[in-house]
Amino acid sequence: MQIPDIGHYDFHIEAKTELNLPEYKGSTFRGGFGITFRRIVCALKRESCDECILKSKCIYAYVFDTSPPPESDRLRHHKNIPQPFILEPPVETTMYYPPGKELSFSFILVGKAIEYIPYFVFTVEEMGKSGIGKGRGMFSLKRVTSRGAEGSREVFNGNDRRFIPDRNSLQPMIEKRIDELGKAERVVLTFLTPTRIVSDDRFVSTPEFHHIIRSLLRRISNLLYFHCGMEAPWDFAGLIENAEKVKVIDTKLEWNDWERYSKRQDTRMKMGGFTGKVVFEGDFSQTGVVLALGELLHVGKNATFGLGKYAVEAQ
């Protein structure tokens, strides 16, 4: 299949004052980014995008309040569709960063959103000036690097504020993963961040393989359609039938509960999910492509906070 355009950018920052952050930093970084992004690009400064006359051409509405375009023949009655970005927070559980300490987080951008990477860079710079976490600790953006087949390439340097347009393609890496996973007889999925998969209107605590594939098919096909202008080329019924035959060999999972405060909704929201490993055995020749894309695009709900990140080992 044609590989969708996906960009993976690492943002390297340095604490200017003390940073006091939670163990899981996805909500803190994503929340701070959203507030700053809106302040920068929103022209009318309204509380809601729903009735804004500029919504169809607004970068903020496209990235954060993503809705189906009026002419869409898919999900036209849904208010929201998958957002074209994923924020992967720092992986460590460190909570205190003294001045001068460096840390990194990532943005994964899908399709059209890659055009807006300069906005993401500028927003992170401004977010560092406003501060994040307890006590609003400030940071500076040192550099931004792009991952791809040619390794890591610098696209922004904070010292001279030089931005280099970059097309460091992930396509060869994705194609290699598709080939590896498609040949596997057994795969180990390690869920690195809380993963929230819904089946029959309930969150799944111990997923079967078809739960994961169903969730990935919904998410990836909508990302391709709305943000890449592509129709997913898969036989959904055939892939699900194949996935239902895959067996669970071993499971080592635990449920992790955490909450985030939504300023926009003025409420605390539960964001729990499972982490750990599941070993599956079966035929992955059809589903390898879905697993490979999911490694980048995450699985389940609230992926923009970094939830649903997993790694696959082929055996």
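Listed here are the residues, each with its yes/no results for (1) surrounded by fewer than 15 Cβ atoms within 10 Å (Cβ to Cβ); (2) over 19 Å from residue 291 (Cβ atoms); (3) touching an Asp or Glu at 6+ places or on another chain (Cβ under 6 Å).
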position	(1), (2), (3)
138	no, yes, no
141	no, yes, yes
145	no, yes, yes
156	no, yes, no
161	yes, yes, no
164	yes, yes, no
172	yes, no, no
185	yes, no, no
It is to be established whether one or more residues within region 278-297 are under 20 Å from residue 214 (Cβ atoms), within 19 Å of the chain's Cα centre (by Cα), at pLDDT 95 or above and not aliphatic (A, V, I, L, M). yes
Provide a single number: the residues in region 102-125 that are surrounded by 15 or more Cβ atoms within 10 Å (Cβ to Cβ) and either part of a helix (DSSP H, G or I) or of a type in the set (Lys, Arg) (or both). 13
For region 226-252, how many residues meet the condition of being assigned to a loop (DSSP other than H, G, I, E, B), hydrophobic (A, V, I, L, M, F, W, C) and modelled with pLDDT of 95 or more? 1
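So that you can scan it fast, the table gives a plain yes or no per residue for (1) among the hydroxyl-bearing types (Ser, Thr, Tyr); (2) closer than 30 Å to residue 32 by Cβ:
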position	(1), (2)
206	yes, no
211	no, no
232	no, no
254	no, yes
258	no, yes
282	no, no
306	no, yes
Here are the criteria: (1) more than 25 Å from residue 148 (Cα to Cα); (2) modelled with pLDDT of 90 or more. Tell me which single one residue 86 does not satisfy. (1)
What about residue 99, is it surrounded by fewer than 19 Cβ atoms within 10 Å (Cβ to Cβ), modelled with pLDDT under 80, of a type outside the set (Asp, Glu) and in a loop (DSSP other than H, G, I, E, B)? no
If I filter region 256-272 for residues that are closer than 24 Å to residue 90 by Cα, exposed (fewer than 14 other Cβ atoms within 10 Å of the Cβ) and among the acidic types (Asp, Glu), do I get at least one hit? yes
Would you please name the residue that is surrounded by the most Cβ atoms within 10 Å (Cβ to Cβ), looking only at residues in region 201-225 that are assigned to a helix (DSSP H, G or I), basic (Lys, Arg) and without any contact (Cβ under 8 Å) to a residue 40 or more places away in the chain? 214
Over region 150-191, the set of residues more than 30 Å from residue 254 (Cβ to Cβ) and in a strand (DSSP E or B) is 151, 152, 153, 154, 155, 156, 157, 162, 163
For region 253-273: of the residues being acidic (Asp, Glu) and in a strand (DSSP E or B), which is modelled with the highest pLDDT? 254
From the list 278, 289, pick out the single residue that is of a type outside the set (D, E, K, R) and assigned to a helix (DSSP H, G or I). 289
Looking only at region 281-304, which residues are of a type in the set (Gly, Ala, Ser) and either without any contact (Cβ under 8 Å) to a residue 60 or more places away in the chain or surrounded by fewer than 24 Cβ atoms within 10 Å (Cβ to Cβ) (or both)? 282, 285, 288, 292
Selection count, region 198-213, where residues are out of contact with any helix residue (DSSP H, G or I) (no Cβ under 6 Å at 6 or more places or on another chain) and either of a type outside the set (D, E, K, R) or under 16 Å from residue 301 (Cβ atoms) (or both): 10
Assess whether residue 200 counts as being out of contact with any Leu (no Cβ under 6 Å at 6 or more places or on another chain) and at positive phi. yes
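The values are calculated or read from the model by the stated rules, or taken from the named source; none is laboratory data. Worth saying up front: this structure is predicted, and the values here are computed from it rather than measured. Every residue, glycine among them, receives a Cβ derived from its backbone with ideal geometry; neighbour counts consider all protein chains shown.
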